[in-house]
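Trainee: Questions regarding the structure given below will be posed in turn.
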Amino acid sequence: MTKPKTLLDKIWERHEITINPAGQSLLFIDRHFCHELSFHAFNMLEKRKIRVRHPSRTIAVADHYTPTTGEKASDFKSSDRFELYNTLKKNALNHDLDFLGLGDQRRGIIHVIGPEQGFSLPGTIIVCGDSHTATHGALGALAFGIGASDVSHVLATQTLWQPKPKKMRVILKGSRPPYVSAKDIILSIICHIGAAGGTGHVIEYAGPIISSLSIEERLTVCNMSIEAGARAGMIAPDETTYNWIQGRPHAPKNDTWREALIAWTQLGTDEGAVFDKEHEIDGQLITPMVTWGTSPEDALPITGHVPDPLKETNIDKRANLERKLDYMGLKPGTSLEDITVDNVFIGSCTNSRIEDLREAAAVAKGRAACVRAIVVPGSGLIKKQAENEGLDRIFIEAGFDWRPAAGCSMCVGVNGDLVSPRQRCVSTSNRNFRGRQGPDARTHLTGPAMAAAAAVTGKLTDVRSLRRN
Amino acid sequence: MIPFKILKALAAPINQDNIDTDQILPARFLMMPRDQRYGTYLFRDLRQDNNGLKIPDFFLNQKKFAEAQIIVAGRNFGCGSSREGAVFTLVDSGFRSVIAPSFGDIFYNNSFNNGLLPVVLPETLVKKLQQFLINEATPEITIDLETQQVFCEATSLAKFDIDPHRRERLLKGLDMIDYTQQFREAINRYENDYLADKKWL
Ligand code: SF4
């Protein structure tokens, strides 16, 4: 009998072209995405007069610097942003890459549209010059972020040298309590293993709660693997996955669909396969979560209180905690539900899919936002679907700012959608780093329903109290 | 790429965990072409306040550390985004190495593409080293990549582990695309076989 293998082992072995004397594997890369900041990589190619080896394996998408107020050149917040967009377009045309630009309904955040278009598939290796590439692992792929030099290497050779990562499995046992979202699940996992807990590892999420998640929810979970320090996150493909992929534009069809299915059903981790690290988490204990600090591991149940540095005995940790609270403008011991907010952002590759918008709309419906709240769909197609379902009306009637164009927006603010200094923002994105949403901006991460709840109450709010009313 | 063999240089401590790439190079500077001076923006928001005034506590603003070429940092240095700009800005500011108990994986990987050596040492040693740097008038240390050791004054403080392939890349200043081109035949053979097997890709 052959040795039991994990999902990661199987994908890795099938993509190993060779191993060099130092033990690194040369991996074949199935899929690659470029965005506006890929200009470094294209410049590196240009310098050496190298062409892209497999243009059909790369898609170029404008998402980071694009405006969310419209799809026209005049919607850009500055001319240098528009220039960056044009550079991507020029590089894509020059190298015969499929380009998803302004006015194209398929355009949106890379980690939303890759799966949506069926370009990201089970059993593949997917890379992009963006850390949240981990998202695509939700379909049973090995997907990870790389830097500019590696992007140029992939464009030139369709390969990458990698040492084999360590394997971690996180098993969620039991069943999911009501009003607990996929975001709460991943924030709880990060809290449990720490922001560096996954360093050097690829995490496979498993167990009954994970199997019961929709693909949208699995994408949210895998998205934040990087916030747990991991290189990638993945979930074995199953019926839910196949049903979700079938019929998408780049998905295999007819005979090749049947062949693909046979291959995909063999990808799952074998019984008895060994992981370097395993964590078991009792799903019953997961509650709606919110972050209070400047690292994603600084998360607590919404019923909690701002931690007190005086209770910390380690002086380094205490100083660290004081710095965080100072940055966040929070007093020790404050009940999280007493923290007032100035902005709400619903969007990003973590929570901008149709299910996220439905969740937020269910809370917003019939209520009124009392702070600035913006909703940015993850792709043009999601926007269209949301409008078909009337979600846009619900948001608009509740005083939310429904943005007509998809993109990264206030997640990182480089398109100009910024949080002002010292303002507080409840955000459905994935990073609460200092300055992430703008200089001195204070970010609290939550799921979409909690973000909508904060918009209508003006403070961090336990969504359970609102939904039960 | 400049090869990395032995580095004897001033080192500066950052006694904080989770220094993320947004702190190393804030996102608003990512649009810059590579030939502009990335070094100017290193730790921009830790170094200067909102009014552009220097924050005196920050290590790079202290005279003793102004010429440092090595950073000795806390756990999970370079976590966060994949931006290679975080490495560009360190390298352009004259840094050749970062020592920490752990690194963000992508940052770690990007370092080797730019001749920056990330050294992983146990947290207790990192703390000891940071204290040494604070106490010394001339906080100098030596990193020898060939023998994989860090020296404080003349004594070896620790040996460090590093993937042999990455070590060789730095020692030789190897260009990765050139290196991979040597495997062209293996890549061609692989592709023919793989694509015949997986027609949907
Ligand atoms: S939405 Fe945010 S995290 Fe996701 S790719 Fe865009 S900037 Fe990065």
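Trainee: In the stretch B:6-174, if the dipole is taken from +1 on Lys/Arg beta carbons and -1 on Asp/Glu beta carbons about the Cα centre, which of B:68, B:29, B:10 is farthest to the positive end?
Mentor: It is B:29, whose Cα lies furthest towards the positive end.
Trainee: Lysines within cross-link reach of residue A:365: Cα-Cα under 23 Å, excluding same-chain residues under 8 positions apart?
Mentor: A:183, A:383, A:384, A:459
Trainee: Hey, another quick one. Could you go through the stretch A:386-402 in sequence order and give the Karplus-derived ³J(HN,Hα) for each residue, using 6.51 cos²θ - 1.76 cosθ + 1.60 with θ = phi - 60°, rounded to whole Hz, and x for Gly and Pro?
Mentor: 4, 5, 4, 7, x, 5, 4, 4, 4, 4, 4, 5, 8, x, 7, 8, 7
Trainee: Could you work out how far apart the two model spin labels at residue B:131 and residue B:178 are, taking each label as a point 7 Å from the Cα in the direction of the beta carbon, and quote it in nm?
Mentor: Going from the residue B:131 label point to the residue B:178 one covers 4.6 nm.
Trainee: Going Cα to Cα from residue A:317, which lysines come in below 19 Å? Please leave out same-chain ones fewer than 8 positions away.
Mentor: Cross-link targets: A:331, B:127, B:128.
Trainee: Rounded to the nearest 5, what % of DSSP beta bridges with both residues in chain A are antiparallel? Before the final figure, lay out the partial values.
Mentor: Working: 13 of 54 bridges.
Of all bridge pairs located within chain A, approximately 25 percent are antiparallel.
Trainee: Per residue and in Å³, how big is the convex hull formed by the alpha-carbon atoms of the stretch A:290-463?
Mentor: Each residue corresponds to 93 Å³ of Cα convex hull volume.
Trainee: Further, regarding this structure: With a cut-off of at most 15 other beta carbons within 10 Å, and DSSP calling the residue loop, which trypsin sites (Lys or Arg not before Pro) in the stretch A:163-255 qualify? Please list them.
Mentor: Working: sites: A:166, A:167, A:169, A:173, A:183, A:218, A:231, A:253; in loops: A:231, A:253.
For trypsin sites (Lys or Arg not before Pro) across the stretch A:163-255 that sit outside H, G, I, E and B with at most 15 neighbouring Cβ atoms in 10 Å, the list reads A:253.
Trainee: Out of the trypsin sites (Lys or Arg not before Pro) in the stretch A:292-334, which ones are loop residues according to DSSP with at most 16 other C-beta atoms within 10 Å? If you can, show how the numbers build up before the last one.
Mentor: Working: sites: A:311, A:317, A:318, A:323, A:324; in loops: none.
Nothing satisfies the criteria.
Trainee: Where Lys and Arg each count +1 and Asp and Glu each count -1, what net charge lies around residue A:355 among other residues with Cβ under 15 Å from its Cβ?
Mentor: Numbers: positive: A:176, A:183, A:218, A:353, A:358, A:383; negative: A:116, A:184, A:216, A:217, A:356, A:359, A:389.
Result for the neighbourhood of residue A:355: -1.
Trainee: Need one value for A:146-158: mean number of C-beta atoms belonging to other chains within 10 Å of its residues' C-beta atoms.
Mentor: Numbers: counts 6, 16, 10, 11, 7, 2, 3, 6, 0, 1, 4, 7, 3.
Averaged over the peptide's residues, the number is 6.
Trainee: Any idea what the relative contact order of chain A is, in percent, if you count C-alpha pairs under 8 Å spaced at least 6 apart? All intermediate terms of the calculation are to be shown ahead of the outcome.
Mentor: On the way: 1116 pairs, mean separation 79.9, N = 469.
Computed value for chain A: 17 percent relative contact order.
Trainee: Need one number for the protein assembly as shown: average projected area of the convex hull over its C-alpha atoms, nm². Mind showing how you got there, number by number?
Mentor: Working: hull surface 113.1 nm².
It is 28.3 nm².
Trainee: Would you mind checking which residues have amide H under 5 Å from residue A:18's amide H? H placed 1.01 Å from N; only 5 or more apart, or other chain.
Mentor: Here the answer is A:26, since their amide H atoms fall under 5 Å of that of residue A:18.
Trainee: While we're looking at this one, here's another question. For the stretch A:172-314, compute the orientation-averaged projected area of the C-alpha convex hull (one quarter of its surface), in nm². Kindly include the intermediate steps, with their values, before the conclusion.
Mentor: Details: hull surface 43.5 nm².
Averaged projected hull area, Cα only: 10.9 nm².
Trainee: With each pseudo-label sitting 7 Å past Cα toward Cβ, what's the residue B:64-residue A:69 distance in nm, one decimal?
Mentor: 5.0
Trainee: Count charges around residue A:345 for me, please; just the other residues with Cβ under 14 Å from its Cβ, Lys/Arg as +1, Asp/Glu as -1.
Mentor: Numbers: positive: A:183, A:372, A:403, A:424, A:431, A:436, A:442; negative: A:342, A:356, A:401, A:417.
Local net charge: +3.
Trainee: Now, a different point. What nm value, rounded to one decimal, do you get for the distance between residue B:186 and residue A:422 when each label is placed 7 Å out toward the C-beta?
Mentor: 5.9
Trainee: Roughly to the nearest percent, how much of the accessible area of the stretch A:102-147 is carbon and sulfur, given a 1.4 Å probe?
Mentor: Numbers: 180 of 450 Å².
Here carbon and sulfur together make up 41 percent of the probe-accessible area.
Trainee: Moving on to the next point. Heavy atoms of the protein only, probe of 1.4 Å, neighbouring chains included. What is the accessible area of residue A:255 in Å², nearest 10?
Mentor: Number for this one is 100 Å².
Trainee: Stretch residue A:305-residue A:175 to full length: gain in nm at 0.36 nm per residue minus the Cα-Cα span?
Mentor: Full extension of this stretch gives 44.2 nm more.
Trainee: Next question, about the same structure. Please list, or write none, the lysines whose alpha carbon is within less than 25 Å of the alpha carbon of residue A:49, excluding same-chain residues fewer than 8 places away.
Mentor: A:89, A:90, B:172
The values are calculated or read from the model by the stated rules, or taken from the named source; none is laboratory data. The shown structure was predicted, so the numbers you read here are calculated from the model rather than taken from an experiment. Note that each Cβ is placed from the backbone with ideal geometry, even for glycine, and that neighbours are counted across all protein chains shown. To get the accessible areas, we keep the full protein, side chains included, count just its heavy atoms, and leave off ligands, DNA and RNA. Shrake-Rupley method; radii C 1.70, N 1.55, O 1.52, S 1.80 Å.
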